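Take this structure, written in structure tokens, and hold onto it; I'll ask about it next.
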Amino acid sequence: MMEHAILKITTKILFAPIILFALYVQFHGDYGPGGGFQAGVIFAVAFILHAFCFGLEETKKAMPQKALIIAMVIGFLFYAGTGVATMLLGANFLGYDVIDPDSTHHAGQHYGILLVEWGVGVTVASTMLTIFYHFTGREPDIDQEDW
Amino acid sequence: MTEGHSTLSAMVFVDLSLLTMLFLVAIAMLRSRHLFAVVMLSGIYSLLSAAFFVSLDAVDVAFTEAAVGAGISTVLMLAGMLLTSRREKPVMPGRAPIAMAVVFITGAALIYATIDMPAFGDANAPANAYVGKQYVERTPNEIAVPNIVTAVLASYRGFDTLGEVLVVFTAGLAVILLLGFGSARGGREVSDQEDE
């Protein structure tokens, strides 16, 4: 007998659209509200919802803690690395125009913003999940009666 | 003319009801001793603030408030609440005259400060003149992205945002260090001595 069937099935149905929405927010930060910070949080929320319905251990199988720590570092280094890359190309730190200097509509700025927002999103999502894992993982699952 | 007037009063009505609800939720949070209710009310408070930010045309801030304030914070507060007791210890009212004095003086100072604040949407307000105006004027030519907030966040103030990401990263690192990554238990199911 499956406990909380409605919650579990709803979570399964919602999981992919939430990730999709996170990616939409991530990549449309130039055009609408949102960006890496919001996208990262929404991405993390999908996994938190998963953890609420299926238990933390199941979520840790899908998204292991070690991968999150690597993602945290990669996200930050990706952002800083974009800055270093523009320096190596001869511009200032994070001077994106050098990425596509011949563009008439500042395509370099678009690329640069996209790259650093990606770094922001990866770091925020993995950090939020890490904090959640560590807070929630400190106590065994609570009984139904305790609520 | 009449249409514009009715839209204006509708906006005022929305703003007033949002602020009233914010006030009521804050009072309810203060009065409740049940921590689960307080956490849920703080989530509602964040969501109402997000709605209020939308009515102020600050959609990016509203989005962040809804995602971080109402979403992640509530979840983390719930997780933190599970590690402590479910009820706040009752406090005797009227036993903290110094605290009352501090609260009243600070509140009076804040209300006094609002008298000097520029009107909402005032073109000459410091927030809309100087550097803010420069961003609005220059973004179409220099960055060419439609969302000026993103242009400021990721390009003009890219170095600041790098610092913000470092802050988030450091917060995660601190939690890992404090709550035990690399311990034999792997940060799971720590059985602390329960104080009764």
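For residues that are within 9 Å of chain A (Cβ to nearest Cβ) and part of a loop (DSSP other than H, G, I, E, B), scanning just the stretch B:59-103, find the one that is farthest from B:VAL152 (Cα to Cα).
Going through the qualifying residues, I end up with B:ARG86.
What number of residues within the stretch B:134-148 satisfy the criterion of being crowded, with 20+ Cβ neighbours inside 10 Å and assigned to a helix (DSSP H, G or I)?
1
Give me the residue from the stretch A:37-51 that is facing chain B (nearest Cβ under 8 Å) and touching an Asp or Glu at 6+ places or on another chain (Cβ under 9 Å) and, out of that set, surrounded by the most Cβ atoms within 10 Å (Cβ to Cβ).
In this case the residue turns out to be A:PHE37.
Still on this structure: Looking at B:LEU173, is it more than 7 Å from chain A (Cβ to nearest Cβ), under 30 Å from the mean Cα position of the chain (by Cα) and either loosely packed, with under 11 Cβ neighbours inside 10 Å or at pLDDT below 90 (or both)?
Taking the combined requirement at face value, the residue does not satisfy it.
So, in the stretch A:82-107, how many residues would count as being surrounded by 14 or more Cβ atoms within 10 Å (Cβ to Cβ), of a type in the set (Gly, Ala, Ser) and either at positive phi or more than 10 Å from chain B (Cβ to nearest Cβ) (or both)?
2
Further question on the same structure: Condition test on B:SER46, is it buried (at least 16 other Cβ atoms within 10 Å of the Cβ) and either farther than 26 Å from A:PHE21 by Cα or of a type in the set (S, T, N, Q) (or both)?
Criteria met by B:SER46.
The values are calculated or read from the model by the stated rules, or taken from the named source; none is laboratory data. Just so we're clear, the structure is a prediction, and the values are computed from it rather than from any experiment. For neighbour counting, all protein chains shown are included, and Cβ atoms are generated from backbone atoms with ideal geometry for every residue, glycine included.
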